[in-house]
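Only one structure is covered here, and it is reproduced in the block below.
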Amino acid sequence: MSSAFPALFDDFFSRDLFNWNNRNFSTTQTSLPSVNIKETADAFEVEMAAPGMEKQDFRVELNGNQLTISSSKENQEEKQEGGYTHREFSYQSFQRSFTLPKDVVDEDRIEAKYENGLLLLTIPKREEAKQKAPRRIEIG
């Protein structure tokens with residue numbers, strides 16, 4: 001008997017297939033857009049690669065400390081040749097969710113822009129959450 005069967009069985013059940021709380025999904029067999037999150041002293045910077053989209057295709061929401069970026073796009077194409085009409089429809093959607101540290105984000109100053117295939121979000125930190133510069137303490 002081959003040892004590949006148990007490995008295949010374990011691999012199947014260790015996937016996110018049964019993770020009902022997974023909030024990252026795509027409605028097609030395509031992969032989710034790549035995301036980079038960088039933390040600076042003053043803000044979180046989020047870059048999402050989403051070429052071919054337009055800014056109105058995105059929805060960005062912050063609910064408490066849960067940041068959700070989603071998109072849905074529908075395309076319809078119609079060709080008429082001879083006496084026939086050929087219609088094609090495609091629908092693409094995804095959702096990515098991220099948990100930000102509690103009580104750190106300045107919700108009123110979040111900015112988002114889409115340019116050159118990248119969705120860019122700047123999520124400023126509250127003043128009290130920002131890293132302070134090192135301070136030298138004199139020894140008395």
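Values quoted throughout were computed directly from the atomic coordinates according to the rules given, and no laboratory measurement underlies them. As the structure is a computational prediction, the values presented were derived from the model and not from experiment. Using ideal geometry, Cβ is built from the backbone for each residue, glycine included, and neighbour counts are taken over all protein chains shown.
Key figures for this structure:
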| item | result |
| --- | --- |
| Computed FRET value (nearest 0.05) for residue 70 with residue 39, which takes r as the C-beta separation and R₀ as 25 Å | 0.65 |
| Proximal charge balance of residue 125 [Cβ under 14 Å; K/R count +1, D/E count -1] | -4 |
| Mean Cβ count within 10 Å, highest first, over the residues of peptides 96-104, 108-116 | 96-104, 108-116 |
| Label-point gap, in nm, between residue 88 and residue 138 - each point 7 angstrom along Cα→Cβ | 7.5 |
| At R0 = 35 Å, FRET efficiency that the Cβ-Cβ distance of residue 104 and residue 78 yields, to 0.05 | 0.10 |
| Shape box of the range 26-110 [Cα atoms, principal axes, largest first, Å] | 63, 22, 18 |
| Exceeding the 24 Å Cα-Cα cut-off - candidates 38/113; 55/79; 73/113 | 55/79 |
